[in-house]
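What follows is a set of notes on a single structure, which appears directly below.
Laboratory data are not the source of any read-out in this text; all were calculated from the coordinates shown. Since we're looking at a predicted model, the values are computed, not measured. We place every Cβ from the backbone using ideal geometry, glycine too, and count neighbours over all the protein chains shown.
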Amino acid sequence: MLVVISGLPGTGKSAVAAGLAARCGAVHLSIDPIEDALLGAGLAPSWETGVAAYEAARAAAEQNLAVGLSVVVDAVNDSEQARETWRVAAARSGVGLTFVLLTLTDETEHRRRLAGRTRALAHVPEPSWDEVRARAASYAPWADDACLHVHAAAPVETLVLHISAQLGGS
């Protein structure tokens, strides 16, 4: 099983993905630490480096799926090209794919979460609220049936239980 947690920065993707992976005994892969490592190795910040991070995560996902492990990925997935990465991984691995889109409509809460984030990333800066809004404006829409829409206002544990239930877990 491949589960991809998507959404804007600050919606709780990493926390939810980590909690879901722990609950399901799955591998958790996150794009930002991979991109941070690529930047730390000397690659320049660019669209291509972002694509490389997605492709590195895809390769790691495929390796884990090949040995029978489930994988939970967290990534913004704001374009069809990014989403296709995970469709390819699922198809190559012969596993089911579920996209989960986390949304947070309460602007005050979203800004609070974004401002309160502290991550151990040396080369990937935290986005500003203006950068998140710009990303939201260019976020490619999802088809209604393409993903599980989850409002991320609830506590992480509640979100994990809800998503797990939707995936057929307890």
*Fully extended contour minus Cα-Cα distance, from residue 140 to residue 67, at 0.36 nm per residue*: 23.0 nm
*Nearest 0.05, what FRET efficiency do residue 164 and residue 48 give at R0 = 35 Å with Cβ-Cβ as r?*
0.50
*region 134-152 and region 38-80: distance between their alpha carbon centers, rounded to Å*: 20 Å
*Which residues make up the longest stretch of the chain that has no trypsin sites (Lys or Arg not before Pro) in a DSSP loop with at most 16 other Cβ atoms within 10 Å?*
1-116
*Among 79, 93, which comes first, second and so on when ranked by fewest other beta-carbon atoms within 10 Å?*
79, 93
_Cut-off under 5 Å, modelled amide H: who pairs with residue 30 long-range_ = 74
*Listing 139, 54 from the residue with the fewest other Cβ atoms within 10 Å to the one with the most, what is the order?*
139, 54
_Suppose the chain between residue 105 and residue 80 were pulled fully straight at 0.36 nm per residue; how much longer would it get relative to their current alpha carbon spacing?_
6.8 nm
_Given the DSSP H assignment, sum -39500 (n - 2.57) over each helix run of at least 4 residues in the chain and divide by its residue total; what's the result at 222 nm in deg cm²/dmol, nearest 500?_
-16000 deg cm²/dmol
*Can you sort 34, 163, 5 by how many other beta carbons sit within 10 Å, fewest first?*
34, 163, 5
_Label zone at residue 55 (point 7 Å along Cα-to-Cβ), backbone N below 19 Å, region 1-37_ = 30-37
*Got the relative contact order for region 2-166 handy, in percent, Cα pairs under 8 Å and 6 or more residues apart?*
37 percent
